[in-house]
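Here's the structure we're looking at; comments come further down.
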Amino acid sequence: MNFYEQALELREETVAHRRWLHSHAEVGLNMPKAQAYVMEQLRNYGLEPRPCGHGVTAELGREGGRTLLLRADMDALPMPEESGESFACPTGTEAHTCGHDFHAAMLLTAAKLLKEQESKLSGRIRFMFQTAEETFEGARDMMAHGILDGVDGALAYHVGSGRMPVGLFMYNSGGTMMYSVDGFRITVHGQGAHGAYPHSSIDPINIGVHIYLALEALIAREAAPSKACVLTIGSFSAGSAPNIIPDTAVLQGTLRTDDSASREKLVRRLKEAVQGTTAVFGGSAEIEMISQVPPLVCDAAMTEEMVGYMQGLPVPGLTPVPDMSASASEDFAVIAEKVPSVFMYLSAGYLDERGDAPAHNPRVRFNEEVCPIGSACLAHCAVRWLEKNP
């Protein structure tokens, strides 16, 4: 069966799914519009979807074989859209600037293709339409509601913007594909005072500045040069008047690493540095970890297997790009910790000025020519994997 030819015939339907999700963008865990839309489409295709946590799942195939999970996230980002697309989200507060609308649309079409071939499948396929990837909550939410029960492997794709042609697929079968993430919020407690009498205060801004410098030193002096480690403070807030020392200051940031040992060490040392620095100046601090996801490491053998299946598709210009690694993070990593998993990027860029804006930028644009490629890859790889792994 030629899934690419079939996916080309369904291109406009896939694009319609993508554009509906794009113009009705939602963020976070609770996405009622997307959940209802996905369930309606799956029912139209003859499946029996159900909620799974805040996401949606459905299943097809035959009993007795293995079960492969196909995952798509579908959440947007809390930001305005300046893409200029006719179907841009009109709210001004949500935007699909990471391409998750593509993921859900491509998986919907793959579900339709696979339903038509259900009687020929060698096992089971489970669909995972996930919310809240951007906040690193959605995968764990669905895992807590049994999405991985009985699953033997998982596959996911992510579209990529930029100045590159459609047809590239990027993967990593020999190392870390995406970094861990540990988001944190540090609340420093001091003692406020009038700005004319700083000696009567315990200045949380001063403490926060020294914490900032101490955390920079962790990367400069404690992270192994052979490892990739990133620590960024993106928010530092305190006070509301220029002549008043406040009681508290808040720093928020993110720590990212490419291996678990570095992550474990730096998270521990971050907490020690914060508490030690705060104590030196007579204050106290609370540290809240607001997101925690491990490095994304794909199963090597399964990744090479899926690469082989993709190369068997008659997609013009489909080109492998191995050893891809990025310092961004993905909560598919928590799935990859539990079952053998494969995660790949599909290029969805433009070679002209439309490819200039990166992901998470209000002006980013993605190329819809990737739609039939993604749908075909999902369906084809699922069928082939079940055939080869009965």
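Every number here is computed from the coordinates shown, using simple stated rules; none is lab data. Owing to the predicted nature of the structure, the values given are computational and were not obtained by experimental measurement. Methodologically, a virtual Cβ is constructed for each residue, glycine included, from the backbone with ideal geometry; neighbour enumeration extends over all protein chains shown.
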Obtain the nm distance between the two label points defined at Gln275 and Arg185 by a simple spin-label model: each point lies 7 Å from its Cα along the Cα-to-C-beta direction. 2.1 nm
Figure the gain on full extension for Glu116 and Glu40 (residue separation times 0.36 nm, minus the Cα-Cα span) and round it to one decimal in nm. 25.6 nm
In this structure, the FRET efficiency calculated for Ile287 and His199 from their beta-carbon separation, with R0 = 30 Å, to the nearest 0.05, is 0.60
Antiparallel %, DSSP beta bridges [both residues in the chain], to 5: 65 percent
Under 5 Å between amide H atoms, partner at least 5 residues away or on a different chain: which partners does Met79 have, H built in plane at 1.01 Å? Glu94, Ala95
Tell me, what ³J(HN,Hα) does each residue in the range 14-31 have, in order and in whole Hz, if you take phi through Karplus 6.51 cos²θ - 1.76 cosθ + 1.60 with θ = phi - 60° and put x for Gly and Pro? 5, 4, 5, 4, 4, 6, 5, 4, 5, 6, 10, 4, 9, 10, x, 6, 8, 10
Nearest 10, in degrees from 0 to 90: the angle of helix 204-221 to the longest Cα principal axis of the chain is 60 degrees
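A 29 angstrom limit on the alpha carbon distance is what I want to check against. Which of Lys33/Lys271; Lys227/Lys388; Lys33/Lys120; Lys227/Lys271; Lys112/Lys388 exceed it?
Lys33/Lys271; Lys227/Lys388; Lys33/Lys120
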Candidates Ala228, Ala72, Ala105; GNM for the chain (alpha-carbon contacts under 10 Å) flags as most fluctuating Ala228
Under the rule of at least 5 residues apart or a separate chain, name every residue whose amide H is placed under 5 Å from the amide H of Met178. Leu296, Ala326
Calc'd 3J(HN,Hα), the range 286-301, phi into Karplus 6.51 cos²θ - 1.76 cosθ + 1.60 (θ = phi - 60°), Hz, glycine/Pro = x, comes to 10, 10, 10, 8, 9, 7, 9, 9, x, x, 8, 10, 7, 5, 4, 5
Between Ala144 and Glu222, what is the label-point separation in nm under the 7 Å Cα-to-beta-carbon projection? 3.0 nm
Once amide hydrogens are built 1.01 Å from N within the peptide plane, the residues lying 5 or more places from Asp73 or on another chain with amide H under 5 Å from its amide H are Gln130
Listed highest first by mean packing, meaning other Cβ atoms within 10 Å per residue, what order do 261-273, 130-142 come in? 130-142, 261-273
State, as an integer percentage, the relative contact order of the range 275-390 based on alpha-carbon contacts under 8 Å between residues 6 or more apart. 28 percent
Taking a point 7 angstrom from the Cα of Ala300 along the C-beta vector, which residues in the range 163-195 have backbone N less than 18 Å away? 171-178
